[in-house]
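Comments concern the structure below.
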Amino acid sequence: MSQSTETPIETPRIDLFLQELAAIQQAGSKRIALLGSRHVPITHQHLIELMSYALVLSGNRLLTSGATGTNSAAIRGAMKADPNLLTVILPQSLARQPNESKEQLEQVMHLVENPVNDQLSLAEASALCNQEIISRCQQLICFAFHDSQTLLKTCQDAEDQRKIVTLFYFD
C-alpha cells in the first residue's frame with residue numbers, strides 16, 4: 001500500500017472561492033457596503049463617486065457611513081443615481097456629525113442614527129457602526145491606508161463573515 005504525499009485541499013479556501021464565484025455570477029442586485037478613509041485626495045473622491053454612481057445605477061443597494069472623504073463621495077454618487085437605493089448608517093446621532101457632513105446627510109432618505117453611541121469615542125462608535133454595516137451587506141468595498149486600523153479590522157471581520165471584500169489602498 002502506498003501513502004499519498006498530496007496535501008489535503010483546504011476546505012475553507014474552496015468554500016470562499018466558490019462563494020466569490022457565485023457572487024460574481026449573480027445577475028441580480030446586491031447589497032454593497034462602501035467604506036473608507038476620511039483623508040482622501042479630491043481625484044480619488046471623484047473616482048469613488050463615479051463607482052458608487054455606477055453601482056447604484058446597476059440596481060445595487062449601497063450602504064455606507066456618514067464621514068467625510070470616501071463615504072461622502074459614495075453618498076454623492078448614490079444620490080445622483082437613485083437616492084432610494086442608499087442607506088447611510090451613522091456611528092452616532094446626526095447632531096454629533098461634523099457640520100460639513102450634516103447638510104448632505106439631511107438629504108439622505110434612509111438614514112440610520114445611533115444616538116446610544118454618543119457617549120463613546122468616535123473610534124469606538126465607528127467600529128460598532130462598521131460592524132452593523134457589514135452585517136447588512138453581501139460585499140464590502142473599502143478604501144484605506146495601510147495604517148487604517150479600524151478599516152482593516154472591518155475588512156477582516158467581513159472576510160470572517162464570508163463576505164466578498166475588495167480592498168483598495170491609497171498608499
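The values are calculated or read from the model by the stated rules, or taken from the named source; none is laboratory data. What you see is a predicted model; the values in this text were computed from it and never measured. Using ideal geometry, Cβ is built from the backbone for each residue, glycine included, and neighbour counts are taken over all protein chains shown.
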Legend entry - Residues within the range 96-113 that are under 14 Å from L63 (Cβ atoms) and part of a loop (DSSP other than H, G, I, E, B), tallied: 2
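Residue by residue, here is whether (1) outside any strand (DSSP E or B); (2) over 20 Å from H39 (Cα atoms); (3) of a type outside the set (G, A, S) holds:
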site	(1), (2), (3)
V116	yes, yes, yes
E132	yes, yes, yes
S135	yes, yes, no
C155	yes, no, yes
R162	yes, yes, yes
L167	no, no, yes
Inset, instruction - Considering only residues that are assigned to a helix (DSSP H, G or I) and touching a helix residue (DSSP H, G or I) at 6+ places or on another chain (Cβ under 7 Å), look in the range 52-63 and name the one that is surrounded by the most Cβ atoms within 10 Å (Cβ to Cβ). - result: S52
Inset, instruction - Can you tell me which residue within the range 64-89, out of those that are under 15 Å from V112 (Cα atoms) and assigned to a loop (DSSP other than H, G, I, E, B), is modelled with the highest pLDDT? - result: S65
Inset, instruction - Could you tell me whether F170 is under 16 Å from T68 (Cα atoms) and surrounded by fewer than 18 Cβ atoms within 10 Å (Cβ to Cβ)? - result: yes
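Could you say which residue among Q104, Q119, Q92 is farther than 17 Å from R76 by Cα and crowded, with 17+ Cβ neighbours inside 10 Å?
After ruling out the rest, the residue left standing is Q92.
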Legend entry - Residue count, the range 114-171 (criterion: of a type in the set (S, T, N, Q) and touching a strand residue (DSSP E or B) at 6+ places or on another chain (Cβ under 6 Å)): 3
Inset, instruction - Could you tell me whether Q131 is more than 21 Å from E49 (Cα to Cα) and without any contact (Cβ under 8 Å) to a residue 24 or more places away in the chain? - result: no
